[in-house]
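The values are calculated or read from the model by the stated rules, or taken from the named source; none is laboratory data. Note that the structure is a prediction, hence the values are computed from the model and not measured. As a convention, Cβ positions derive from the backbone with ideal geometry for all residues, glycine included, and neighbour counts pool all protein chains shown.
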Amino acid sequence: MKNFTFFIATLFVAGSSIAQVHVVNDAFIYSKGTDIFITQELELRDAPSAPGETGSAFYLREGADASGDGNGQIAQLIQGNVGSANTGAGTFSVFQEGVANNFTYNYWSSPVSEPDAGANAGFKNTQIYFPILTEGFDFETDFVIDADQAFIFGTNVRDGRTDDQEFTNQATQTGPTIINQPLRIASRWLYSYNSVGDGAGNGGTSGYFGWQSFADPSATVLPGYGFTMKGVILDGGGVNIENSELGMGQRYDFRGIPNNGDIEVGVAQGDFSLVGNPYPSALDLKDFLEDNPDITPEIYFWDSNSTTHILQEYEGGYGVYTPGEAGNDADDGTFVPATFFRYDSSGVPISGSNTTITGGPSFPVGIGTTRRYAPIGQGFMIVRDNDGSGNAFPSGNGIATFTNAQREFVKENPTNSFFKAAPNSGNDQTANANVIKYVRPQILLNTFINKRYNRQMVLSFGQGATEDYDWGLEGSNNANKVNTDIYMPLNGNEYVIQAVPYDKNQTAVPVSFKSAAATSTFEIAVTTMVNFETEKVLIHDKQTDTYHDILNDSYTITTGKGTVADRYEIVFEEKSTLSNGDELLATDAFNIFQNNERSLLTIQNPAGKNVSDISVFDLAGRLVASQNPKEVNQEFTFNTSSYSAGIYIVKVSTPDDEELAKKVIISN
């Protein structure tokens with residue numbers, strides 16, 4: 001163990017760039033909350049000389065707040081020259097916290113590779129450590145450098161457990177640290193998903209069985225790819241448990257040689273790959289997507305609220321990030337949080353089961369939250385489905401490249417981090433501070449489906465929006481596609497983020513509903529408007545030509561089994577004529593009235609017009625009765641004795657596409 005007085009004396013503070021950095025013997029560099037830029041390579045030459053030592057080392061640690069405690073702002077390292085490889089057998093150490101729940105997956109991507117194995121060699125699970133208490137640091141590990149290797153349970157163990165440690169003399173916080181139990185990780189839940197394969201026979205299989213175990217200590221996850229790991233049971237001392245507004249997080253210490261330069265990942269056509277931020281700094285996902293046209297411009301973040309290891313009982317889903325208008329650095333993009341579903345034994349989302357799902361985002365998704373900057377260690381999914389024009393890619397694999405140019409000095413906070421244990425303090429995103437941010441006008445719509453789960457959609461307007469597919473402005477439900485859902489259709493695809501030009505009297509955005517059950521309900525409402533003002537947001541039922549307020553109230557649509565593709569649309573003003581260009585019949589063309597004493601609905605046709613269809617709908621839009629007259633009649637009737645009391649809509653259509661709709665009140 002290094003003497004901590006010497007440790008403080010060798011504090012490394014950098015506010016400007018450095019060229020080459022070489023650390024040799026047992027020397028080390030320590031940055032306490034200060035970001036460092038190296039223009040060329042970093043060499044950590046020497047391996048530990050004895051057990052408990054680190055050899056040549058480099059530590060990134062948190063800054064301190066006014067009280068002297070850690071402020072959650074981990075120092076970051078950025079490098080410039082893409083041709084300069086980091087090398088050595090020493091130790092680079094950086095912390096990150098993941099959700100402290102033994103049932104919940106985090107998606108990770110390592111910022112370090114194996115030491116003394118070549119540049120960007122890949123990551124092994126044996127490189128996960130946990131910080132050790134050090135004298136003078138008051139039962140916390142924010143600033144310490146000593147660590148022990150995490151213990152990796154065999155795959156027969158389901159639950160990981162946090163570390164338990166204490167001082168020899170707890171009262172004075174002195175004496176050698178006693179580690180009662182190390183951090184224990186359940187390898188049963190360590191998996192990667194590489195849809196193109198790693199060239200060594202691993203991966204390359206699609207679907208649930210494409211997940212490859214990362215449990216073996218010799219297994220390597222290539223740089224740029226991600227892996228899953230569940231959290232831990234909190235039954236230890238808790239010195240490495242961090243509390244924030246996003247929940248409790250287990251602290252992990254990633255040790256190795258930092259990744260640097262260009263790092264390629266692949267994704268198969270029509271499939272996903274689990275990748276992630278490969279660097280010890282924040283990553284600009286907008287830049288990443290703009291630089292890589294061979295993948296769909298969408299990023300998927302996993303979120304979960306599970307309380308079980310049983311696959312059929314998992315609650316989880318993917319939130320989707322879209323980068324905003326291409327070339328507009330002021331546009332941070334849009335994020336829609338996960339819709340939670342349960343999963344069957346093949347990993348397919350279950351839809352329409354009778355089990356109540358109370359899921360929803362287990363993290364606070366605030367107004368303006370975009371997820372543009374991925375923090376250190378963040379894993380996420382990329383997909384190769386539709387290209388920048390919204391059309392399917394040709395067959396074959398897509399290659400995406402992480403580069404140093406995509407790295408940013410951005411402090412982690414709840415608006416940009418997807419780790420539930422992200423700090424609740426610190427500054428906002430600081431990258432491109434001279435750019436005035438463009439807040440895209442938008443409305444957020446929530447739909448409560450079958451009173452079980454919520455689907456959020458974002459409809460935006462403004463710069464770059466057209467009636468067609470717009471790169472970076474449309475986000476699909478590819479990763480959360482199930483049989484009972486609401487979506488905005490466009491060019492045959494299903495979207496939960498869409499951008500359109502705005503015209504109060506002309507804008508009409510189709511919404512579609514699909515149901516796997518005989519009956520499904522969709523309660524839709526506007527929950528938030530951002531940088532946008534309007535007096536009305538309406539659901540227009542084109543079949544009944546009725547309008548329903550979803551800005552000041554919610555509206556419930558009931559559908560049968562199958563898809564309702566083009567009946568409903570979101571509009572901002574009631575139209576005096578039908579939106580499809582059809583002509584309205586004069587209100588006196590037909591006399592429509594209800595005789596409740598006789599339970600008889602009558603439609604009189606004094607002008608003797610040809611009638612092609614007469615339909616009766618309830619206010620939920622369900623068809624109650626209809627007639628298709630074959631000849632001209634002066635009068636048509638419906639027996640309403642079996643109708644429930646309420647308001648109904650009678651719609652009369654002619655062969656010339658003229659229509660008249662009228663409400664009647666039935667009270668039997």
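Summary of computed values
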read-out: Region 491-515 residues that are without any contact (Cβ under 8 Å) to a residue 40 or more places away in the chain and buried (at least 18 other Cβ atoms within 10 Å of the Cβ), paired with ones that are outside any strand (DSSP E or B) and not acidic (Asp, Glu) (beta carbon under 8 Å, 6 or more apart); value: Tyr495/Asn477
read-out: Residue, modelled with the lowest pLDDT, within region 190-199, restricted to residues that are of a type outside the set (S, T, N, Q) and buried (at least 17 other Cβ atoms within 10 Å of the Cβ); value: Asp198
read-out: Qualifying residue in region 537-549 (condition: in contact with a Pro (Cβ under 9 Å, 6 or more places away or on another chain) and surrounded by fewer than 20 Cβ atoms within 10 Å (Cβ to Cβ)); value: no
read-out: Neighbours by Cβ (under 6 Å, 6+ apart or cross-chain): first from region 594-621, of a type in the set (Phe, Trp, Tyr); second surrounded by 14 or more Cβ atoms within 10 Å (Cβ to Cβ) and in a loop (DSSP other than H, G, I, E, B); value: Phe617/Thr544
read-out: Inter-residue pairs, beta-carbon under 7 Å, first under 18 Å from Thr87 (Cβ atoms) and in region 37-60, second basic (Lys, Arg), 6+ apart; value: Ser56/Arg45
read-out: All positions within region 632-668 that are among the aliphatic types (A, V, I, L, M) and closer than 21 Å to Gly621 by Cβ; value: Ala645, Ile647, Ile649, Val650, Val652, Leu660, Ala661, Val664, Ile665, Ile666
read-out: Qualifying positions in region 200-240 - among the aliphatic types (A, V, I, L, M) and modelled with pLDDT under 85; value: Ala200, Leu234
read-out: Residues satisfying the stated conditions in region 92-136, i.e. of a type in the set (A, V, I, L, M) and part of a loop (DSSP other than H, G, I, E, B); value: Ala100, Ala117, Ala119, Ala121, Ile132, Leu133
read-out: Residue within region 458-472 that is in contact with a Pro (Cβ under 7 Å, 6 or more places away or on another chain), surrounded by 19 or more Cβ atoms within 10 Å (Cβ to Cβ), modelled with pLDDT of 90 or more and under 22 Å from Gly270 (Cβ atoms) present; value: yes
read-out: Filter pass, Tyr193 being touching a residue at least 60 places away in the same chain (Cβ under 8 Å), in the same structural domain as Val94 (by TED's automatic domain parsing) and more than 28 Å from Pro115 (Cα to Cα); value: no
read-out: Criterion: over 30 Å from Ile299 (Cβ atoms) and in contact with a Lys or Arg (Cβ under 6 Å, 6 or more places away or on another chain) - qualifying residue of Thr134, Thr91, Thr54, Thr87; value: Thr91
read-out: Test: residue in region 5-16 that is surrounded by 16 or more Cβ atoms within 10 Å (Cβ to Cβ) and either polar (S, T, N, Q) or modelled with pLDDT of 80 or more (or both); value: no
read-out: Matching option when the condition is modelled with pLDDT of 95 or more and assigned by TED's automatic domain parsing to the domain that holds Ile524, among Tyr547, Tyr555; value: Tyr555
read-out: Scope region 594-608; condition surrounded by 13 or more Cβ atoms within 10 Å (Cβ to Cβ) and either part of a strand (DSSP E or B) or outside the structural domain of Ala661 (by TED's automatic domain parsing) (or both); matching residues; value: Gln594, Leu600, Leu601, Thr602, Ile603, Gln604
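Residue by residue, here is whether (1) touching a strand residue (DSSP E or B) at 6+ places or on another chain (Cβ under 8 Å); (2) under 23 Å from Phe95 (Cβ atoms) holds:
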{"position": "Thr155", "(1), (2)": "yes, no"}
{"position": "Pro182", "(1), (2)": "yes, yes"}
{"position": "Gly210", "(1), (2)": "no, no"}
{"position": "Ser213", "(1), (2)": "yes, no"}
